[in-house]
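The values are calculated or read from the model by the stated rules, or taken from the named source; none is laboratory data. Remember, predicted model here, so these are calculated numbers, not experimental data. Quick reminder, even Gly has a Cβ in these numbers, built from the backbone with ideal geometry, and neighbours come from all protein chains shown. Accessible surface is based on the protein model in full, side chains and every heavy atom, while ligands, DNA and RNA are left aside. Shrake-Rupley method; radii C 1.70, N 1.55, O 1.52, S 1.80 Å.
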Amino acid sequence: MSATRVLVLNSGSSSVKYQLLDMADRSRLAVGLVERIGEGASRLLHTPAGGERRERVEPYPDHGAALKAVAAELAADGLGLDSPDLAAVGHRVVHGGREFTRPTVVDDRVLAEIERLVPVAPLHNPANLTGIRTAQALNPDLPQVAVFDTAFHTTMPEYAARYAIDVATADAHRVRRYGFHGTSHAYVSRATAELLGRPVEDVNVIVLHLGNGASASAVRGGRCVETSMGLTPLEGLVMGTRSGDVDPAVVFHLNRVAGMSTDEVDELLNKRSGLVGLCGDNDMREIVRRREEGDERAALAFDVYVHRLRKYVGAYTAVLGRVDALAFTAGVGENSAPVREATVAGLEGLGLAVDTELNNRRTDTARVISPQYASVAVAVVPTDEELEIATQAYALVSS
Ligand code: ADP
């Protein structure tokens, strides 16, 4: 097959992020995003490889109009969607339920199944579906590949995926732990094994994906055995605006005592909690700066964030039994030396330590930051979800 390009689309409710990659050399030919779709003055930012960034501000009433504008920008660079070099469009789809365990070429059955999962992913799956349908309409001959955020976690054993609630009720409403960020956990756990120069089958890794959303996973020999997000991305670690783990009775309490509706508590836990709820900021740079200036709220937010991370590292050490590497990734994980240092401080008993100089050094590439003597390699491993989506989509259509 001569076509080697893959367009990766990450469609949100009012935005589309895109990258065009050439899988012959894994290079990026163009990257961009459209924001504020359907909100009046939408904005398109497009950057071709080696070229200047271009900006267009005009109204795109829907994803169809936005993607048409993206297609026009790509065509202006000689990278049009009708090019015979384009092998597929790879779509990030947030929720694949139990059904989708691997990337899948989209047909009517697949669309119907993604639609059926809307009740468990009401914010994300509709936007992802719109992205797929729009791309299909632009070029009906092109394979559309859905790559699911949940797929990597479908290997979790049943006892890790189950909540301890009445089985009939749980099954009737698909209430179980699915996990998210799977594309990143898959990519980073494999990249960590590569960094250590060992076959992925032999390596046990704890991955901490710390972006605005954050999740941990325990990966044994390349297969996920546990992850921190659950039915939705709300469970687990402290995030930018999400609480992560709370006693579920907090919801009933706020309902009964504060008179808050289900939607209001949903909004509280997803949008006004986490770092923002604790100190008003969700940017870790700002929190670290304020903490260094003696700001107590910022210091508490930092401590709550790190304490939760340490609990998960301990728990996942027990889940895996033997840990070869702890990998930090995404915005906070890749960039915040203070968070990494505090996460492993005093955990020599678990074989964990960081070398201060290695931890503070900045590079764009994967690196080990633990001292020689540590039995667990602590690593900073930049994630690349677009490359992973393109790789999976390309592998599927070129096989
Ligand atoms: P998203 O989940 O939106 O993809 P990212 O992985 O890009 O998020 O992470 C965004 C977060 O990374 C920011 O909110 C900020 O807290 C953090 N971050 C980015 N750069 C730095 C930095 N240099 N130091 C500390 N934190 C950073």
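Across the range 136-153, the residues whose backbone nitrogen lies under 16 Å from the label position 7 Å along the beta-carbon direction of Glu113 are 144-153. Within the shell of other residues whose beta carbon sits under 14 angstrom from the beta carbon of Phe152, the net charge comes to +3, with Lys and Arg scored +1 and Asp and Glu -1.
When the chain is treated as a Gaussian network with alpha carbon springs shorter than 10 Å, the biggest mean-square fluctuation among Ala76, Ala65, Ala327 belongs to Ala76. Neighbours of Ala318 by Cβ distance under 12 Å: Lys/Arg scored +1, Asp/Glu scored -1, total +1. Summing +1 for each Lys or Arg and -1 for each Asp or Glu among the other residues whose beta-carbon sits under 15 angstrom from that of Arg256 gives -2. Rolling a 1.4 angstrom probe over the protein heavy atoms with all chains in place gives the range 197-385 an accessible area of 46 Å² per residue.
Under the simplified labelling scheme, the Gln372-Ala315 pair shows an inter-label distance of 3.7 nm, with each label point 7 Å from Cα along Cα→Cβ. Which whole-angstrom value gives the distance between the alpha carbon centres of the range 366-399 and the range 227-245? Taking the Cα centre of each part, the range 366-399 and the range 227-245 sit 22 Å apart. A simple rule links phi to the HN-Hα coupling: the Karplus curve 6.51 cos²θ - 1.76 cosθ + 1.60 with θ = phi - 60°, which for the range 391-399 gives 4, 5, 5, 5, 4, 5, 7, 9, 7 Hz, with x for Gly and Pro. Between Ala377 and Ala325, Leu326, the built amide H atoms are under 5 Å apart, and every one of these is 5 or more places off in sequence or on another chain. Return, ordered by residue number, the residues of the range 168-191 whose backbone nitrogen is under 18 Å from a label point located 7 Å along Cα→Cβ of Thr365. From the range 168-191, the list is 188, 190-191. Remark: the range 35-48, residue by residue, has Karplus-estimated 3J(HN,Hα) of 10, 6, 5, x, 10, x, 7, 7, 10, 10, 10, 9, 10, x Hz, where x stands for each Gly or Pro and the curve is 6.51 cos²θ - 1.76 cosθ + 1.60 at θ = phi - 60°. For the chain, the share of accessible area belonging to carbon and sulfur comes to 51 percent (1.4 Å probe, ligands and nucleic acids excluded).
Under a 5 Å amide H cut-off, with hydrogens placed 1.01 Å from N, Ala88 pairs with Leu7 among residues at least 5 apart or on other chains. Heavy atoms of the protein chains alone define the surface here; on that basis the range 5-148 has 44 Å² accessible area per residue at 1.4 Å probe size.
Each residue of the range 116-126 was assigned a 3J(HN,Hα) from its phi angle through the Karplus curve 6.51 cos²θ - 1.76 cosθ + 1.60 (θ = phi - 60°); the sequence is 5, 8, 3, x, 8, 9, x, 7, 9, 4, x Hz, with glycine and proline shown as x.
Computed over the chain, the per-residue total of -39500 (n - 2.57) for DSSP H runs of n ≥ 4 gives a 222 nm mean residue ellipticity of -11500 deg cm²/dmol, rounded to 500.
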